[in-house]
């Protein structure tokens, strides 16, 4: 049997591990050849060990793994192994020294300072993946062989129950495929084409939507004025590239506040977005591996019962249950912190039974109005008193410092941080509702795609708190200006200009560099990935579409896959057997497909890896 793994990032490395251990545990005697295809090698594109060391992960090193554990609800047997942190602090140094990585000195220094509360470099996670691959490869049974190819697979044909993988020069016949294609690139939009043409005509620099680690910004001069559109995680990457990688230094002053000392090579940076605020800082993680808050309203039992009965849920009920679960954690943590006369156990029990809201209970316990959850303020923290550039400039410094302080209180102490942590812990059940299509198409578009996704990103997908500290330090140092909500970017005369459409004075900032500070939105309709384009052209795949009540067809941009087995679905609804597709190309068919696997929480990525391996092994018998 021949199995192709297209993409050598975390997902297919986990699938490889599961295949090996299924074979070992079941004494699978067939001759098996594994073919891995990735132009970027083991670890794939995002986790290149040679990328700039300043680029960090957004999850703690102690809560990242590629190994299964006893929490995973799967058919195969778990095989335990170290987390990224455990590996780095025990085996990492020897592995790095023996493999002569490009930034060896920085990597070894990083390990010396790594703690369970550290966010590792992306490069270190890439090296962990290479070690993981070698670790699994050494354990392959004698009937297994493996080939690693740097060829780009641009097409797949299906013929006589076999798949033919095509590169520019070669063809490979296989029996099963696991495709985990990761980050891609889209065709530029009309607005991006216009910006590029304007930049070329006026000798400006335009950086379209790209993966920041692959963008060369070295030609941006200290005298340049840089506009960054977007305040998400890509913005953080570009900020790091334009400041600390150029020799600027972040350090603590005598009061413990972070300050930035210029190198003199930094450009002037103006940045914003629609909301006008960076994503919230990720809170100090005070929880042990596998420790979670109870889920009462969008509980495992409730969602599993919906799935079992194939019973739908309305969008309003879906949002209501999320908000109740999040608020419950907020109020229980609040009571422990500020209301010592309240018995938190009894308080939690009462809240857990109040499915129509908490107002009566909060009144009974005399919870102050100022301490109650205000979702409108969580969605838009900018107060109405902020009306112009001067008031926004004052507000943003105070706001960022408060965000830092609240995050550093920790996710078992701060009511807000604990509530946001609860939102993260609801992900598995939110994913299940999306995967099993338990919302109507109309409600899925209205409540998730057009509302909840943006709010979830703002509240729960932000960077570590030290990144928000860096933003504040750069503002105070005069390197960075956040220009306010409702960002507008226009072409004017021979330069770019940006301003806030919300602030009354619409102060304008000119730039000769414009950077799109966001990643491409996964979309099969606009992708440049030749494999996805050809799968659609060959009618081996289809775009996941929603049929709305007004008669319109809403194309999500995701490739459609089966609910239980993640196999490709053709335009006529036929299943492509043993052609598994998972990860970012299925975003919107699935929900929140990015991120690294987490130990101890029945992680969906590890479950899928085992499911794919199980299907492949069983299909051979």
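The value for region 337-389 of Rg(Cα) / (2.2 N^0.38 Å) is 1.51. In terms of its C-alpha gyration tensor, region 11-72 has an oblate overall shape, because the principal axis ratio a/c (a ≥ b ≥ c, square roots of the eigenvalues) is not below 1.5 and a/b does not outweigh b/c.
Quick check: from the Cα gyration tensor, does region 514-621 come out rounded (a/c under 1.5), prolate or oblate? Oblate, since a/c reaches 1.5 and b/c is not below a/b.
Remark on region 414-491: hydrodynamic radius 15.6 angstrom, per the Kirkwood mean of 1/r across alpha carbon pairs.
Here the label points at residue 75 and residue 137, each 7 Å from Cα along the C-beta direction, are separated by 2.9 nm in the simple model.
Taking packing as the residue-averaged number of other Cβ atoms within 10 angstrom, the listed peptides 481-487, 317-323, 499-505, 109-115 run from highest to lowest as 481-487, 317-323, 499-505, 109-115. Computed with the Debye formula from one identical point scatterer per Cα of the chain, without solvent, the log10 of I(q)/I(0) at q = 0.11 Å⁻¹ comes to -1.22. For region 95-148, the normalised intensity computed at q = 0.31 Å⁻¹ comes to -1.30 (log10 of I(q)/I(0), Debye sum over alpha carbons, equal scatterers, no solvent).
Could you work out the relative contact order of the chain, using alpha carbon pairs under 8 angstrom and six or more residues apart, expressed as a whole percent? Dividing the mean separation by the residue count of the chain yields 22 percent. Legend: calculated FRET efficiency, residue 202 to residue 356, from the Cβ-Cβ distance at R0 = 35 Å, rounded to 0.05, equals 0.05.
Each label was represented as a point 7 Å from its Cα along the Cα-to-Cβ direction; for residue 99 and residue 148 these points are 0.8 nm apart. Full extension of the chain segment joining residue 594 with residue 494 gains 32.1 nm, where the gain is 0.36 nm per residue of separation less the Cα-Cα distance. Of the residues 388, 610, 494, 443, the one with the fewest other Cβ atoms within 10 Å heads the list, and the complete ranking is 494, 388, 443, 610.
Indicate the gyration tensor shape class of region 1-124 (rounded, prolate or oblate), computed on the Cα atoms with a ≥ b ≥ c the square roots of the eigenvalues: a/c under 1.5 is rounded; otherwise a/b larger than b/c is prolate and the rest oblate. Note, shape of region 1-124 comes out prolate. The Cα center of region 322-340 and the Cα center of region 149-171 differ in position by 54 Å. Pairs of Cα atoms nearer than 8 Å and 6+ residues apart set the relative contact order; for region 117-182 it is 16 percent.
Each reported figure results from applying straightforward, stated rules to the coordinates on display, with no laboratory input. For clarity, every value in this text was computed on a predicted model and none was experimentally measured. All Cβ positions, glycine included, derive from the backbone under ideal geometry; neighbour counts span all protein chains shown.
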